[in-house]
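Just below is one structure, and these are the notes that go with it.
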């Protein structure tokens, strides 16, 4: 299976694309992980959205990229999801590399800060992220802050 990646600002996403992004996020976070939170938290409208499509054009992966200053002093990404049947193909690594390159080009020298699920610490370390906080709960799941310079 192949993954086609692109990044669009919210204002450039079609209604169908944004619908499918939110539908996928709800499927993974609310249904699969049974986490109840306000997914539409006000950041989406001024964010960039990574869209990952399979060969048929279906959105099977997504993430949200925040500008420096939106949430942290650095750029940030989150809401990273891959649909269940597509996991285990290295798509997560492709997505992080793609987002890191985008952040480096769009926001030179800004760096990136993420709130990562604790179990993904070593995954993000392979992409240059380092732990910058203690463990804290977010929606009942252990998280840590991680940062990368990306320059």
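Is it possible to state the helix-based mean residue ellipticity at 222 nm for the chain, with each DSSP H run of 4+ residues giving -39500 (n - 2.57), the sum divided by total residues, to the nearest 500 deg cm²/dmol? What is it?
For the chain, the value works out to -6500 deg cm²/dmol.
Show me the three semi-axes of the equivalent ellipsoid for region 94-136, from the C-alpha gyration tensor (sqrt of 5 times each eigenvalue), largest first, rounded to whole Å.
Here the semi-axes work out to 20, 12, 8 Å.
List the equivalent ellipsoid semi-axes of the chain in whole Å, largest first, each obtained as the square root of 5λ for an eigenvalue λ of the Cα gyration tensor.
Semi-axis lengths for the chain are 22, 18, 16 Å.
Each reported figure results from applying straightforward, stated rules to the coordinates on display, with no laboratory input. Note that the structure is a prediction, hence the values are computed from the model and not measured.
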